[in-house]
Amino acid sequence: YDPCVANRMVEKKQQTICWHVDDNKLSCVSAKANDQFIEILRQEYENIFKDGTGKLTVHRGKHLKYLGMNLDFSTKGICKVTMPEYIAELLTIWETMDPDDKGTKDSAAPKDLFGVDPKCEKLPPKGREKYHKMVAKILFATKRARPDTGTAVSYLTTRVQGPDRNDWRKLSHLMKYIRATKELPLILGADGTGILKWYVDGSYTVHPNMRGHTGGGLTLGRGFPISASTKQKMNTRSSTESELVAVHDLMPSILWTRYFLEEQGYAVNENLILQDNISAMLLEKNGKASSSKRTKHINIRYFFVTDMIKKDMLDVRWCPTADMVGDFWTKPTQGSLFRKHRDLIMGVEPK
């Protein structure tokens with residue numbers, strides 16, 4: 001289910017290797033099994049040149065660096081993910097781009113994040129280039145260790161082809177937030193229940209072309225290892241329909257995660273989709289049987305979730321709007337609500 005992850009059994013113990021080009025992460029409860037595999041890699045690939053280069057380097061222990069991330073396993077059952085060097089580099093680059101931009105912000109995006117003023121002045125060519133470069137660099141961190149910046153980055157990426165002064169202001173807001181939270185870790189842990197909880201939300205007509213926005217994420221007990229914040233690819237006629245499209249958008253991740261964890265040897269007892277729209281939940285559970293005049297036009301492919309529910313691959317349950325963490329990735333929340341959901345997503349406070 002993931003072409004960059006492979007398992008093998010060594011004396012009845014599972015050994016797992018992840019790789020990205022020539023960077024590998026090897027794990028097994030048996031240190032001896034890892035020693036043997038490292039020796040195989042040395043024999044097969046190591047080619048030491050006269051200048052000393054070409055030697056396979058190995059890092060062990062509870063503090064590892066992988067793909068720009070610092071992985072801290074020093075607390076049992078917890079993985080703390082940080083990118084201090086990369087975040088520092090981001091802030092340095094931003095200071096060269098906008099030396100006068102100082103200060104900090106308490107939220108990742110301004111209230112008018114999704115607003116577009118067609119009369120606003122466009123950035124000059126060099127400004128567009130800087131904007132694009134900065135957004136791409138933040139996106140790299142968002143996907144690895146900073147899901148709390150997902151909503152802002154999702155919008156900013158839709159503007160890279162023709163950013164204006166307002167987009168630069170919104171980028172500035174995000175950078176001030178990153179400056180204020182540069183040491184914020186992503187803390188991940190599982191509660192051992194085997195329950196996957198997906199918080200999914202859809203916002204209706206928030207984009208200038210009247211399209212909705214999909215947001216959601218997965219928690220296994222502490223922190224959110226998977227999250228998404230994306231512009232919907234179709235126009236919807238109601239908030240109920242936007243919620244249905246949101247679940248459909250996240251279905252590949254929802255199903256893949258279950259398959260992947262089961263192949264890794266973990267029991268998945270429940271795969272829950274949590275929503276705060278009861279009408280959407282009825283459509284998902286019953287398909288066309290719950291469709292009315294207002295929803296009979298919906299394409300049948302959006303009821304794929306109904307088949308998965310009948311096959312016990314997942315279930316849908318109601319979640320109070322106040323506790324809907326998925327809102328975090330569809331709305332530029334502020335104040336205490338932003339901090340509440342941010343801390344849950346980053347695992348600063350266990351769910």
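Let's see how each residue does on (1) within 20 Å of THR214 (Cα to Cα); (2) of a type in the set (Lys, Arg); (3) open to solvent by 40 Å² or more (accessible area, probe 1.4 Å); (4) part of a strand (DSSP E or B):
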site: VAL116; (1), (2), (3), (4): yes, no, yes, no
site: LYS133; (1), (2), (3), (4): no, yes, yes, no
site: LEU139; (1), (2), (3), (4): yes, no, yes, no
site: ASP167; (1), (2), (3), (4): no, no, no, no
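Those strands (runs of 3 or more DSSP E) of segment 181-298 in which at least 1 residues are open to solvent by less than 40 Å² (accessible area, probe 1.4 Å) and among the charged types (D, E, K, R), considering only elements entirely within it, cover 195-203.
In segment 68-96, the residues that are over 24 Å from ASN24 (Cβ atoms) form Cβ pairs under 6 Å with partners that are part of a loop (DSSP other than H, G, I, E, B) and not small (Gly, Ala, Ser), at six or more places apart or across chains, as follows: ILE87/LYS182. The selection criterion, being under 24 Å from HIS63 (Cα atoms), without any contact (Cβ under 8 Å) to a residue 12 or more places away in the chain and aliphatic (A, V, I, L, M), holds for VAL21.
Under 8 Å by Cβ, and 6 or more places apart or on different chains, what pairs join a residue from segment 255-272 that is farther than 16 Å from CYS18 by Cα with one that is of a type in the set (Lys, Arg) and part of a helix (DSSP H, G or I)? Taking only residues 6 or more apart or on different chains, the pairs are VAL268/ARG258; ASN271/ARG258. For the subset of segment 37-85 comprising residues that are open to solvent by 90 Å² or more (accessible area, probe 1.4 Å), outside any loop (DSSP other than H, G, I, E, B) and not charged (D, E, K, R), which member is farthest from VAL10 (Cα to Cα)? The residue in question is HIS63.
Output yes when any residue across segment 7-26 is within 27 Å of the chain's Cα centre (by Cα) and assigned to a loop (DSSP other than H, G, I, E, B), and no when none is. Looking through segment 7-26, at least one residue is within 27 Å of the chain's Cα centre (by Cα) and assigned to a loop (DSSP other than H, G, I, E, B).
The values are calculated or read from the model by the stated rules, or taken from the named source; none is laboratory data. Computed from a predicted model, the values in this text were never measured in an experiment. All Cβ positions, even for glycine, are placed from backbone atoms using ideal geometry, and neighbour counts span all protein chains on display. Note: accessible area is taken over every heavy atom of the protein model, side chains too, but ligands, DNA and RNA are not part of it. Shrake-Rupley method; radii C 1.70, N 1.55, O 1.52, S 1.80 Å.
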